[in-house]
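Worksheet: the structure to be examined is printed underneath.
The values are calculated or read from the model by the stated rules, or taken from the named source; none is laboratory data. A quick note: this is a predicted structure, and the numbers were derived from the prediction, not measured. Glycine also receives a Cβ, built like all others from the backbone with ideal geometry; neighbour counts cover every protein chain displayed.
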Amino acid sequence: MRAAYVFVLAAGLGLAAFARDTLDIWVNATVLPPLQVETSVEVLDRNGALLRAYTVADGRWRLGVDLSQVDPSYIGALLAYEDKRFYDHDGVDPQALLRAAAQAVWNGHIVSGGSTLTMQVARLLEESGTGHVAGKIRQMRVALALERRLSKTDILSLYLQLAPYGGNLEGLRAATLSYYGKEPLRLTPAEAALLVAIPQSPEMRRPDRSVARATDARDRVLARALRDGLIDSDQFNAARSEVVPALRRPFPALAPHMSDRILAEEPEKIQHQLTLNKTLQTKLERLASDVVTGHGDKLQVAIVVADHASGEVLASVGSAAFRADARAGFVDMTRAIRSPGSTLKPLIYGLAFDEGLAHPETLIEDRPSDFNGYKPQNFDRQFRGTIRIREALQQSLNIPVVALTDALGPAKLLGALDKAGVKYDLPGGQAGLAIALGGIGVRLEDMVQLYASIARGGVSLPLTHQMHGQQAEGQRVLSASAAWQVGDILAGLAPPPGAPENRLAYKTGTSYGHRDAWAIGFDGRHVIGVWMGRPDGTPVPGAFGADMAAPVLFQAFARLKPALTPQPPAPPSTLLVSNTQLPQPLQHFRSRNAAFEPEKDAPAVAFPPNGAEVELLPEGLLVRVQGGKAPFTWLANGVPVAVSLTASEVMLASLGRGFITLSVIDAEGRSARSQVRLR
């Protein structure tokens, strides 16, 4: 009898060992599905906050998440409700299976499936069903194999990424962002309970379809948590009173142009961290939307904010709204080539300071000028005569800046743009004096970089939009003194009506035909650029940088911070004197052709202007001289016809019709002439 007992025991042990070895072989031979789960590409701000996410290839929202990003109360509720022995079993829980079988026999139908979290992960990885015996065995086999290849933490992380939450939502982060608009790191007991309940029957329990069913399922999880001591009665009652969200929230979609751009630059990366600040980006996108409202359906706006000390872009708004509308909202206008209007003028003045051509207190002439056939006009068609350089820049006069550009040479300006990292487009491929007034194509992003160079004491630093990116060493564009002088002049410009009185150094610009309105400004730390116009390049009637873009610039600074950072003091080498204390060559600007130009008070034929066609009156022709010193002698085709002892106007009689050359000579022998046609 004893021998028979030993035989049976040995046989049993042998069979058990055989079964164990067979099970091991069976489990080890399991072909597992891919364990690398595709998750949504994410774009984060400088602090790690989500700016924008993209769906995976099949259009589902599935955001990466691990245990460190999840509220521990959710994990506790999940394990208590779904798999109490998760950390004790090897993928299959025999007790749970026996309990499920007994419940099915007692109730006549399946009450619970007995699946462990590992089995659920197996099903989610293979996207298999749950009801068939073969499918359940397959899940058990894959679960056992998963437990041998992965840690419990890895398995739980897979569940957090794959759990279904209805529709195209997969994973805990997608659910918390969609239903609660927040990350899963901080959840209330009610929120955690709902998120535990939905995956059991995601289409039936999704709250955007049935708040009642979702609430009932949540309350069952809360009751289990109360029974297991995870929450107390007060927490239970408070949690049950919380309202279940009835709608899905849109996923964050901030900085869409920048996000698409960074994805195109590095398509292989899953997570991109930008230098942008989510709070500021949100404020400026809202500002952009507000400022175009009520201005027709084609006006567009773009805004760039940067820290000029570090070169980091803090906000980038490419359009008022990222949509295919009449404003062409999908086009990133921070990178579109546009005419800069007058916004290049500060650089020209700074170069003139460095070349010793001028000083902020230097006097310069604002009067009709001819630069080898190029005759620029001021925007208002008026002339100020002799004016200080400081005032010429603040009033954005055209003739003085063209005179400086002529003295510098256009190549000097283009060289400075190259040093500042400004990419430009030259119409016709040639640089003429018109580039001083906007006859060149540039991008808002690059213009912000240029002004950042001025704000940084004249040294360029390429703007960066990626955190931890390597910064290239910048080049010197202007001397520290010239850069400070430019900033000091711009800081003296009056703010737009209604804007706060401050020392913001800024410049506006309006391109030819009112196609582009600009405003770019900086304080001691930040620089902001604003462009407004139509993406198709058509004119915006009545658009001026000072009236349209400048108020937006000041509003953007107000959203950036409560007060401006003071401008730095003048460098020690800066010459801070009045005009009379300047060296003689700097007191009054003289162009390179000054030796061949008439003296500033020399006579000029004011009427009739050169090339005019004038009707000859019966009494003769009224002529007028400007400047000069009386008496004036008038000649017609070289023949003296009148002498005016004091008056600047005189009537010339006995003139015939046809072409005639009028000349006037003043008391000092200086002359001027005008060729006209009399009819």
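Considering only residues of region 529-547 that are among the aliphatic types (A, V, I, L, M) and under 19 Å from the mean Cα position of the chain (by Cα), which is surrounded by the most Cβ atoms within 10 Å (Cβ to Cβ)?
Taking region 529-547 first, the residues among the aliphatic types (A, V, I, L, M) are 530, 532, 540, 543, 546.
Keeping just the survivors that are under 19 Å from the mean Cα position of the chain (by Cα) gives 530, 532.
Details: 530: 33, 532: 25.
Top of the filtered list is 530.
Can you find a residue in region 642-656 that is outside any strand (DSSP E or B), touching a Phe, Trp or Tyr at 6+ places or on another chain (Cβ under 8 Å) and under 27 Å from residue 367 (Cβ atoms)?
Pass one, region 642-656, residues outside any strand (DSSP E or B): 645-648, 653-656.
With the extra rule that they be touching a Phe, Trp or Tyr at 6+ places or on another chain (Cβ under 8 Å), the set shrinks to 648.
With the extra rule that they be under 27 Å from residue 367 (Cβ atoms), the set shrinks to 648.
Yes, region 642-656 has at least one match.
Does region 409-428 include one or more residues that are over 24 Å from residue 475 (Cβ atoms) and more than 28 Å from the chain's Cα centre (by Cα)?
From region 409-428, those over 24 Å from residue 475 (Cβ atoms) are 427-428; that's our starting set.
Within this subset, residues satisfying the condition of being more than 28 Å from the chain's Cα centre (by Cα) are 428.
Yes, that holds for at least one residue.
Counting just the residues of region 325-366 that are without any contact (Cβ under 8 Å) to a residue 40 or more places away in the chain and not hydrophobic (A, V, I, L, M, F, W, C), which one comes out nearest to residue 577 (Cα to Cα)?
Result: 366.
Of the residues 171, 181, 229, which single one is surrounded by fewer than 23 Cβ atoms within 10 Å (Cβ to Cβ), within 41 Å of the chain's Cα centre (by Cα) and either at positive phi or of a type outside the set (Ser, Thr, Tyr) (or both)?
Values: 171 fails: surrounded by fewer than 23 Cβ atoms within 10 Å (Cβ to Cβ); 229 fails: within 41 Å of the chain's Cα centre (by Cα).
Step by step, each of 171, 181, 229 is checked, and only 181 is surrounded by fewer than 23 Cβ atoms within 10 Å (Cβ to Cβ), within 41 Å of the chain's Cα centre (by Cα) and either at positive phi or of a type outside the set (Ser, Thr, Tyr) (or both).
Which residues, counting only those in region 191-226, are among the small types (Gly, Ala, Ser) and crowded, with 23+ Cβ neighbours inside 10 Å?
Looking only at region 191-226, we keep the residues that are among the small types (Gly, Ala, Ser), and these are 192-193, 197, 201, 210, 212, 214, 217, 223, 225.
Across region 191-226, the qualifying residues are 192, 193, 197, 214, 225.
Could you list, in sequence order, the residues of region 316-328 that are touching a Ser or Thr at 6+ places or on another chain (Cβ under 7 Å) and within 14 Å of residue 258 (Cβ to Cβ)?
316, 318
Specify which of the listed residues (428, 415, 421) is farther than 18 Å from residue 514 by Cα, in a loop (DSSP other than H, G, I, E, B) and either free of Cβ contacts under 8 Å to residues at least 24 places away in the same chain or in contact with a Leu (Cβ under 9 Å, 6 or more places away or on another chain) (or both).
421
Yes/no matrix, rows are residues, columns are (1) of a type outside the set (Phe, Trp, Tyr); (2) within 22 Å of residue 54 (Cα to Cα); (3) at pLDDT below 95; (4) in a helix (DSSP H, G or I):
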position	(1), (2), (3), (4)
192	yes, no, no, yes
196	yes, no, no, yes
234	yes, no, no, yes
244	yes, no, no, no
268	yes, yes, yes, no
285	yes, yes, no, yes
289	yes, no, no, yes
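Only one of (1) of a type in the set (A, V, I, L, M, F, W, C); (2) under 25 Å from residue 149 (Cα atoms); (3) modelled with pLDDT of 85 or more fails for residue 17. Which number is that?
With respect to (1) of a type in the set (A, V, I, L, M, F, W, C); (2) under 25 Å from residue 149 (Cα atoms); (3) modelled with pLDDT of 85 or more, residue 17 is out only on (3).
Taking the conditions exactly as written (more than 22 Å from residue 454 (Cα to Cα) and touching a Pro at 6+ places or on another chain (Cβ under 7 Å)), does residue 514 satisfy them or not?
On the way: more than 22 Å from residue 454 (Cα to Cα): yes; touching a Pro at 6+ places or on another chain (Cβ under 7 Å): yes.
The answer is yes for residue 514.
Cβ-Cβ under 7 Å, sequence separation 6+ or interchain: first residue in region 478-492 and part of a helix (DSSP H, G or I), partner crowded, with 22+ Cβ neighbours inside 10 Å and β-branched (Val, Ile, Thr). Which pairs?
What qualifies is 483/454; 486/454; 487/454.
So which of 500, 495, 539, 535 is touching a residue at least 60 places away in the same chain (Cβ under 8 Å) and in a loop (DSSP other than H, G, I, E, B)? Walk me through it before giving the result.
Values: 500 fails: touching a residue at least 60 places away in the same chain (Cβ under 8 Å); 495 fails: touching a residue at least 60 places away in the same chain (Cβ under 8 Å); 539 fails: touching a residue at least 60 places away in the same chain (Cβ under 8 Å).
One residue alone meets the criteria, 535.
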